[in-house]
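Please treat every number below as a calculation from the coordinates, not as lab data. All values reported here derive from a predicted model rather than from experimental measurement. In this analysis, Cβ positions are derived from the backbone assuming ideal geometry, glycine residues included, and neighbour counts consider all displayed protein chains.
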Number of protein chains: 2
Amino acid sequence: MARKLSTLDPQRLDNQICFAVYSAAHAFNRVYKPLLDRLGLTYPQYLVMLVLWERDDVPVKDIGEKLFLDSGTLTPLLKRLEAAHLVKRTRSSEDERQVLIALTPQGHALKEKARSVPQSILAASECSVSELVAMKDEIVALRDRLNAVIGE
Amino acid sequence: MARKLSTLDPQRLDNQICFAVYSAAHAFNRVYKPLLDRLGLTYPQYLVMLVLWERDDVPVKDIGEKLFLDSGTLTPLLKRLEAAHLVKRTRSSEDERQVLIALTPQGHALKEKARSVPQSILAASECSVSELVAMKDEIVALRDRLNAVIGE
DNA sequence: TCACATTTAATTGTTCGCAATTGAATGTGC
DNA sequence: GCACATTCAATTGCGAACAATTAAATGTGA
């Protein structure tokens, strides 16, 4: 009976989905680390490169909206990517408030080197693609509901 | 057809479960923030308090194993909790290498004030308890598989 | 006993992540 | 056209997160 109560106690760490998500994010990060080290990227930098590989020459704000990050995070990160010669930052001539982020040739070339990353992650997760897709969709739906609550 | 290809492209941001987990963790953090501000805690500090509310007077290492965090993260965090008079750090007399973390009366008392936090999160997630429990179990299983790969 | 490895926490340095503020550029309402 | 608000990036300050190293305490084998 005491056991049953404790498994239902919402204040117990093991019962909290949020801790599951938090600790899973760290676990993913640790799996990615050796793969991304070879590319000279951190995980958030890799996310920015994924955005840019999809579409280039975009303002900082667009990147922030896709990744849910603000300029306080992105400005220094993008400066590091620029220092690594992967992107170029230029003020937009139409709207001088915006800084446009464009890939350099090296930045474009890195996409090929990064091609094997997702399948390495898939292998590490020891899960079928369809299971992962289902989980991903559930987590995204939860995330979007949470973000909707924040936006109120 | 082009659409179908892009929904299967593993190099696309939207197709990556890791980004789903990463961004969901941040969304949770933003929901927790106003709730925890009232308690004077950050989310990682709240996790440490959850551990201590379950069992008190434990070495730093035990906390680290439960939260998957190392001393580089925990030492300064615990010093901040000590500065806030929520915990006390004392060297173990049996094993002088260990630092034992104990709750102060204020630390114990905070548990009552924190009691409403989980249900606020539940409300924000707009999800049934059973759905959340199922998701949590899936995510924990994935996390544990990832951590097993790292340990090799 | 004594050399040696292991365990544990602390420290240092780098990178995120975000709140709050600043300052410049742009848009608006009158 | 001009005061005013809004938008956008940059900056500052603080708190994680982790790799790598250090130093002290403990355990182990010969």
> Using θ = phi - 60° and the Karplus form 6.51 cos²θ - 1.76 cosθ + 1.60, what ³J(HN,Hα) does each residue of region B:69-81 get, whole Hz, x for Gly and Pro?
Replying inline: 10, 9, 5, x, 8, 6, 4, x, 4, 5, 5, 5, 5
> Hey, what angle do you get for helix B:43-54 against the long axis of chain B, alpha-carbon based, 0 to 90 degrees rounded to 10?
Replying inline: 60
> Placing a label point 7 Å from Cα toward Cβ, how far apart in nm is B:Ser116 from its equivalents in the other copies, listed shortest first to one decimal?
Replying inline: 5.5
>> Ratio of alpha-carbon Rg to the 2.2 N^0.38 Å globular estimate for region B:1-60, to two decimals, please.
In response: 1.79
>> When a/c reaches 1.5 or more, the comparison of a/b and b/c decides; with that in mind, is region A:7-119 rounded, prolate or oblate per its Cα gyration tensor?
In response: oblate
> Can you give the relative contact order of region B:27-111 as a percent, counting alpha carbon pairs under 8 Å and 6+ residues apart?
Replying inline: 26
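Restrict the search to region A:99-138; then list the GluC sites (Glu not before Pro) that DSSP places in a loop and that have at most 14 other Cβ atoms within 10 Å of their Cβ.
The qualifying sites are A:Glu126.
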> In A, who owns the beta-carbon nearest the axis carrying A over to B, and how many Å from it?
Replying inline: A:Ala25, 2
> Taking only Cα atoms, what is the 0 to 90° angle, nearest 10, from helix A:129-150's long axis to the longest principal axis of chain A?
Replying inline: 80
>> At 7 angstrom along the Cα-to-beta-carbon line, where would the label on A:Leu13 sit relative to the other copies? Give the distances in nm, shortest first.
In response: 3.3
>> Over chain A, how many pairs of lysines fall under 24 Å by alpha carbon, counting only those 8 or more apart in sequence or from different chains?
In response: 19
> What is the pair-distance distribution P(r) of the protein assembly as shown, computed from all Cα-Cα distances in 20 Å bins starting at 0, with each bin given as a whole percent?
Replying inline: 29, 55, 16, 0
> Rounded to the nearest 500 deg cm²/dmol, what is the calculated helix-only ellipticity per residue at 222 nm for chain A, with -39500 (n - 2.57) per DSSP H run of length n ≥ 4?
Replying inline: -21000 deg cm²/dmol
>> Within 10 Å of each Cβ in B:40-46, how many Cβ atoms from other chains are there, averaged over the peptide?
In response: 1
